[in-house]
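Taking it in order: structure first as structure tokens, then the write-up.
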Amino acid sequence: MRSRILSQFDNIEGQADRHTEEAYERMSQALGYGEIDMADLAEAAYDKGSAHYQTLTDLRKQMLLGGLAGMFHQWDKTVREHLERELRHDFDGDTIEKEIWKASVTDIMKVFEQFGWPVKTLPCYAKIDAMQLIVNVYKHGKGRSLNQLVKRYGEYVCDPIRQWMPKGTTFGLDHEWLIVTDGQLEQFADAIRDFWREMPERLYLDLPTASN
């Protein structure tokens, strides 16, 4: 995804500069601009270039977050399908299907722990947990997920006034401050890969633990 999609945004500054130059050229050659001060013309062209830069920046961010959301949802569906297949060996299939697909990701992880796999202790778990919150914020905007993201993984919220506020403050938060870099996207992909690598071949239910 990085090479095929995001690479077209590798030189946003250069694209914006070219847009500025082209806008200046068009306006300077258009009828009716003969009496206009060239400094004003240059300023107008610069404004167009700045707007083009912001448009490309916003588009790049949306494509990156959209790609992250797709990656997370694919992982989420695959995890549920895997767990459903495993549990069907020992439990009623219809009941399992219903419960697995309505459960939260947190509850799904608890099922793995009941089967003896301490998934929340894995180094990759924090990234997966953060990814879920980021995707929720991307989809739904302000709310509990944004507040939790700030408190637990504040590096993904670029708050312009954070430096003057107490750590963990959630007042006045804006979901537009959500940010994920190329490097962080790669880290999330690595976390998903590590999750599957760490998963045991067989999971065994600890009945005393499950009954508690």
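The values are calculated or read from the model by the stated rules, or taken from the named source; none is laboratory data. Bear in mind the structure is a predicted one, so any value in this text is a computation, not a measurement. Glycine gets a Cβ as well: all are built from the backbone with ideal geometry, and neighbour counts include every protein chain shown. With ligands, DNA and RNA removed, areas are computed over all heavy atoms of the protein, side chains included. Shrake-Rupley method; radii C 1.70, N 1.55, O 1.52, S 1.80 Å.
Taking the criterion of being open to solvent by 30 Å² or more (accessible area, probe 1.4 Å) and outside any helix (DSSP H, G or I), the residues of segment 63-106 that qualify are Arg88, His89, Asp90, Phe91, Asp92, Ser104. Which residues, taken from segment 133-146, are free of Cβ contacts under 8 Å to residues at least 40 places away in the same chain and buried (at least 17 other Cβ atoms within 10 Å of the Cβ)? Across segment 133-146, the qualifying residues are Leu133, Asn136, Ser145, Leu146.
Ala210 meets the conditions (1) modelled with pLDDT of 90 or more; (2) hydrophobic (A, V, I, L, M, F, W, C); (3) part of a helix (DSSP H, G or I) in every case but one. The failed one is (1).
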